[in-house]
Amino acid sequence: MAVVFCILSLLFGTYFILFIIAVWVTFLRTGQAWQRLRVVTVILFLVLCAHYCARALTFARARIESPPASEEAKWTVPLIFVGAITSTLAGFISDGLLAWRFYVIYGRTKIAMYLPTAMVVVTALLGLSGSFQQLTIYRSAELYNNRFAMIALDVNAAWGWCTFGVNTILTASIIGRIMCVARDADAHHATGTSHRQYSLVLEAIVESALVTWFGLLFYEIASLAPTGHITGNFDIGYVTVCITPIYFGISQCLITARLALITDSDICARDISGQLGYGTRPAAQTGSQHRGSRISPMTFKVPKMSETDSMDDSTVEAAKAE
């Protein structure tokens, strides 16, 4: 159990550093959109702080050899409830941000908004229902031990698989969109292909929240393993779900930092080169809006050959000057 707690602490320490960076870079931009993103980042941090404290206390109380009779109702169930509901809330915030990136990357269409939103909301409601099943112990301890405890575990397991499914769909869709547009852009521009490939790989990893997907994949694999003495007779799936929400925070901080740190020259260069352009607006207009109250959307535009051929050096300089 000490090893699990060390891994949890290591991941949370990494997340804390990324959180500081993410909050700091949002102050480099002005506007309501960046303030909202900063608020979301802080809320997720507070949720994960509560999650970390609840899991740490759970591990600490599990080491008690002869717990009192009131241990389950006084400590075990409340800590499990806090850990479960914070996991659900962290997943909801993280998946909500991923759904927003999906919506923006796919051109802000209605289906790109409603479909991922519905999946994220249904998954969150499923997780909340499993969390509140734990509170039935205060109504009837016997009913809780004989029935609702297993129901809560089954519902939480279903929540984990649904979260993994939602992340798989959104992550694969975002990566596929980025790579598809990048391939079309490379057909028009042969120079700097190697540099663009490395940039696109990094961008795809961050934009698609691939870190979260790998964390969920590890959780789903571990949840199928039997209970073992290595984890102190805790189900391995339960141990990994204690750690998994930290991946939600790491991905959210990476996306926030990337959005804030991208420069105006990068925006203009991408629009001019045809890489992952920021909307259908001209590059100069996009750059000016990026400095304002909007977070630059990542809708894609691959210029036609006629547009590329007609763009001279003066147009490039004018775009950068703006």
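The values are calculated or read from the model by the stated rules, or taken from the named source; none is laboratory data. These figures come from a predicted structure and were not determined experimentally. Every residue, glycine as well, gets a Cβ built from its backbone with ideal geometry; the counts of neighbours run over all protein chains shown.
Here are the numbers:
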quantity	calculated
Test: residue in segment 134-157 that is out of contact with any strand residue (DSSP E or B) (no Cβ under 7 Å at 6 or more places or on another chain), in the same structural domain as Val47 (by TED's automatic domain parsing), at pLDDT 90 or above and of a type in the set (A, V, I, L, M)	no
Residue pairs meeting the criteria (Cβ under 9 Å; at least 6 apart or on separate chains; first assigned by TED's automatic domain parsing to the domain that holds Gln252 and polar (S, T, N, Q), in segment 91-105; second outside any helix (DSSP H, G or I) and modelled with pLDDT under 90)	Ser94/Ala209
Qualifying residues in segment 18-39 (those that are in contact with a Ser or Thr (Cβ under 8 Å, 6 or more places away or on another chain) and surrounded by 18 or more Cβ atoms within 10 Å (Cβ to Cβ)) - the one modelled with the highest pLDDT	Phe19
Candidates Gly127, Gly96, Gly91, filtered to the one that is touching a Pro at 6+ places or on another chain (Cβ under 8 Å) and modelled with pLDDT of 90 or more	Gly91
Of all residues in segment 116-137 being of a type in the set (S, T, N, Q) and within 15 Å of Ile85 (Cβ to Cβ), the one that is surrounded by the fewest Cβ atoms within 10 Å (Cβ to Cβ)	Ser129
Residues of segment 137-160 satisfying the condition of being of a type outside the set (A, V, I, L, M) and part of a helix (DSSP H, G or I)	Tyr138, Glu142, Tyr144, Asn145, Asn146, Arg147, Phe148, Asp154, Asn156, Trp159, Gly160
Qualifying position, being in the same structural domain as Ala209 (by TED's automatic domain parsing), more than 19 Å from Leu216 (Cα to Cα) and of a type in the set (Val, Ile, Thr), among Ile64, Ile169	Ile64
Test: residue in segment 52-70 that is surrounded by fewer than 17 Cβ atoms within 10 Å (Cβ to Cβ) and within 22 Å of the chain's Cα centre (by Cα)	yes
